Amino acid sequence: MKLSWGATLLLAWLPAASGAAEEFSFDATEFEKKPLEFGGYLEFKPDRSWLNRDGAFNKLNFYNRATPDMLDRTTGTLKLNSKYTQGIASINLRADLEARRDNLSSDRTNRFDEAYVSLKPDPGFTLDAGKLALKWGKGYAWSPVGFVERPKDPNDVELAREGYTMIAADLIRNFDGDLKTVAFTPLLLPVGSQVNQDFGKANHVNAAAKLYLLYQDTDIDFTWLGSGSRTPRFGVDFSRNLSSSVEIHGEWARIRDVEQRSIGPTGVTTTQRGDVASALLGLRYLTDQDTTWILEYYRNGTGYTEVQSQDFYRLVDNGLTQFQTTGSDSLLKKAQSASQSGYAKPNPMQRYLYLRVSQKEPFDIVYFTPSVTLIANVDDHSYSLTPELLYTGITNLDLRMRATWVKGGIGSDFGEKQNSRKFELMMRYYF
């Protein structure tokens, strides 16, 4: 009788398999989910910034002291994550401990970015209470519909953010048909003298909600924040894969009764009140060569116009002249107050373009990813350019080198920034 090659190999393997079976033991406890999960990372980041002596913010911050040519800063960060699960309940903690020192000062941060209790009595229902960092919206660099979260830093979008104290629920239902999933997330966010002080006006319990739909392979969110510490607002976002390599996403938000304050070159403040809209449209494209392109256009309805920004820069110049001739810094104090209320934000104006290109393992260099990021002001054509090198080939260790150049004329958004360029190294060890 002739045996096929497959049968011959099978007969030859059976004795070895039976012997191996006698030695092999299966321990189900090794695969059981442990009640306590713990991890995090330790990061060390030195950086050097070259100051833009002609920039408005450099003048504003150093008008009464000697201006250094550069600032050297060292930052040490410890991020701790833990989760303890018992039955339907879990306790979730995310701590942030940072120490920063540069030529002029030192600073420390010790806080919980998240600290909340979660109850999940049913797969379709979750109740959370405590400090949570929610992520609403589909934008990569900005998120106009992120009504109950702290804003992203477009220069470091992956940076974990601090949450707000709230009570939130998640109700999820799945269906057959075009409408596949519906999820509803209502929440209450209180603001008082000891809780969520930076969210807005005190002595309010703010109601917000998000409705998520998965309809014909398109993710859709409807978001809403009621009147209270902030003015009421609502929005919608979407995300859809046009193919396996192309994804398109967008956001739109309407903010009611917004008070917009701008300051003139003489220190006179002008207030306007009305409804504004913010929007974002983005595209993500992955090529056959593992190159990822991310492009986003952002319209910031609450931002300053080009004229309003230039009025602020002129105020700084007028204040500096006043201080040098009379010794009075009254105009500069007004400029500092206006700076803190909005002009010093990373992207305070109305129209921006974001482009990021990253290449996975070029020239067959495994665990190596170079990238470059461009953030441009569409109105005044100023921009920042950030090339980056990331290496992850050492177990539990990330190594990153990044540089930033800022370009723009006098009176432009990026041309008036405090720094003209920056170089940083980052070493992050996970445990």
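Any read-out appearing in this document is the output of simple, stated calculations on the displayed coordinates, not a laboratory observation. Model, not experiment: these values are computed from the prediction. All Cβ positions, glycine included, derive from the backbone under ideal geometry; neighbour counts span all protein chains shown.
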* Asked: Of the residues 368, 62, 222, which exhibits the maximal mean-square fluctuation in a Gaussian network model of the chain defined by a 10 Å Cα contact cut-off?
  -> 62
* Asked: So for the chain, what are the equivalent ellipsoid semi-axes in whole Å, largest first, each being the square root of 5 times an eigenvalue of the Cα gyration tensor?
  -> 46, 29, 24
* Most mobile of 34, 138, 201 per a Gaussian network model of the chain (Cα springs, under 10 Å)? -> 34
* Asked: What is region 48-430's relative contact order, in percent, from Cα pairs under 8 angstrom and six or more apart in sequence?
  -> 12 percent
* Asked: Between residue 358 and residue 53, what FRET efficiency comes out of the Förster formula 1/(1 + (r/R0)^6) with R0 = 30 Å and r the beta carbon distance, rounded to 0.05?
  -> 0.35
* To do: Check cross-link reach from residue 407 to the lysines: straight Cα distance under 21 Å, and skip same-chain residues fewer than eight apart.
  => 59, 345, 417, 422
* Asked: Which number do you get for Rg(Cα) / (2.2 N^0.38 Å) in region 38-97?
  -> 1.95
* To do: Just list whichever of 138/180; 83/152; 83/201 have alpha carbons separated by over 29 Å in the model shown.
  => 83/201
